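Scroll down for the structure; my scribbles are underneath it.
The values are calculated or read from the model by the stated rules, or taken from the named source; none is laboratory data. Here the structure is a predicted model, which is why all the values come from computation and not from measurement. Cβ coordinates were reconstructed from backbone atoms using ideal geometry, including for glycine residues, and neighbour counts include every protein chain displayed. Areas reflect the complete protein model, heavy atoms only, side chains present, ligands, DNA and RNA absent. Shrake-Rupley method; radii C 1.70, N 1.55, O 1.52, S 1.80 Å.
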Amino acid sequence: MFTFAFTMVRHGETRYNKEKLLQGQGVDAPLSENGLRQAEAAGVYLRDVRFTNVFSSDLQRAKQTASIIVAHNNHCPGIKIVCDPKLRERSFGIAEGKPVKDMKNMAKAAGQQCPRFTPPGGETEEQVQSRVKDFMDSLCQQIVAQHASQCSQGKEGLETPHNSLGDTCGSSSSATNCSELHEAFADAVDGAVDLQVHVLVVSHGTYMRNVVKYLVEELQCTLPQSLKMSHVFSACPNTGMCRFRIAVDHSTGLSPCVDCVFINRNDHFGSLDTHE
């Protein structure tokens, strides 16, 4: 098994976020002043995390956030940020640039729930989920191809099943150990201390929720015992963070084994309060 850490960060706030206007793909707004502060705080919080690969949506708000986080990092200030359109926010069609409540009204008029409703010209949830799967499949292939042989020489990033966080969490006899493990890792390197390869992805709120849905529902990701399901699928705040450990058996080509470390963490918000 080859295991790597996978951290997702939502972009910082834009004017459209503050005014509760839908952006999707058609509105390519920059970060607001508060959004820049959020990105700075996220960068400071993650400064000692040794990222080996960085990916970003090619929309401006995500690219700015990724650049700021990387600029603050003590280990990879010059790392290349790979911009991938597969990481874009969901397209909301004719609803983009308009208040979120307008889309809710459109959904109600169509007799549908808002998350499932697709405005004319927008992407369906299934189309977004297809993008998510395409990205995750290609990511796993790329990371294994790039890093597995290097890590096998030092044995870092390689785990046998009984050593993986997921098997510890999945075992009823080890429930106490699992809880203690999650509580022990209460900082920015939580769940990734022992891994040599760490991927950072900067994307968008609806897209990230679909990634979490894919990992939890399709790949049967294990979750910390203290994590409520209502939180798992809740909206991620601007510059909120999610982290997973992904184990790939590159010899068999089977689906990855995934363990959740945390979802929608915002510990770095405390540093914003001291400056406001």
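If you take the residues of the stretch 103-118 that are assigned to a helix (DSSP H, G or I) and open to solvent by 20 Å² or more (accessible area, probe 1.4 Å), which of them is nearest to Thr7 (Cα to Cα)?
Across the stretch 103-118, the extreme among qualifying residues is Pro115.
Among the conditions (1) farther than 16 Å from Gly205 by Cα; (2) without any contact (Cβ under 8 Å) to a residue 24 or more places away in the chain; (3) not small (Gly, Ala, Ser), Arg15 misses just one, which is (1).
Listed here are the residues, each with its yes/no results for (1) out of contact with any Phe, Trp or Tyr (no Cβ under 9 Å at 6 or more places or on another chain); (2) part of a helix (DSSP H, G or I); (3) under 30 Å from Thr252 (Cα atoms); (4) modelled with pLDDT of 95 or more.
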{"site": "Ala71", "(1), (2), (3), (4)": "yes, yes, no, yes"}
{"site": "Gly97", "(1), (2), (3), (4)": "no, no, no, yes"}
{"site": "Pro120", "(1), (2), (3), (4)": "yes, no, no, yes"}
{"site": "Gln127", "(1), (2), (3), (4)": "yes, yes, yes, yes"}
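Of all residues in the stretch 57-72, those being touching a Gly at 6+ places or on another chain (Cβ under 6 Å) and surrounded by 20 or more Cβ atoms within 10 Å (Cβ to Cβ) number 3. Looking only at residues in the stretch 211-222 that are surrounded by 19 or more Cβ atoms within 10 Å (Cβ to Cβ) and more than 23 Å from Ser57 (Cα to Cα), the one that is nearest to the chain's Cα centre (by Cα) is Cys221.
Got a sec? Which of Val49, Val54, Val9 is more than 20 Å from Ala235 (Cα to Cα), out of contact with any Pro (no Cβ under 6 Å at 6 or more places or on another chain), open to solvent by less than 10 Å² (accessible area, probe 1.4 Å) and in a strand (DSSP E or B)?
Just one listed residue meets the conditions, Val54.
Looking across the stretch 54-89, the residues that are under 15 Å from the mean Cα position of the chain (by Cα) and polar (S, T, N, Q) come down to Ser56, Ser57, Thr65. Are there any pairs with C-beta distances below 7 angstrom linking a residue in the stretch 96-114 that is small (Gly, Ala, Ser) to a residue that is part of a loop (DSSP other than H, G, I, E, B) and open to solvent by less than 50 Å² (accessible area, probe 1.4 Å), with the two at least 6 apart or on different chains, and if so which? If the second residue must be part of a loop (DSSP other than H, G, I, E, B) and open to solvent by less than 50 Å² (accessible area, probe 1.4 Å), the pairs left are Gly97/Leu22; Gly97/Val27; Ala107/Phe117; Ala110/Phe117. For the stretch 102-120, does any single residue satisfy the condition of being within 30 Å of Ala188 (Cβ to Cβ) and among the aliphatic types (A, V, I, L, M)? No: the stretch 102-120 contains no residue that is within 30 Å of Ala188 (Cβ to Cβ) and among the aliphatic types (A, V, I, L, M). For the stretch 223-276, a residue qualifies if it is modelled with pLDDT of 90 or more, among the charged types (D, E, K, R) and either farther than 20 Å from Val9 by Cα or open to solvent by 20 Å² or more (accessible area, probe 1.4 Å) (or both), and the qualifying residues are Lys228, Arg265.
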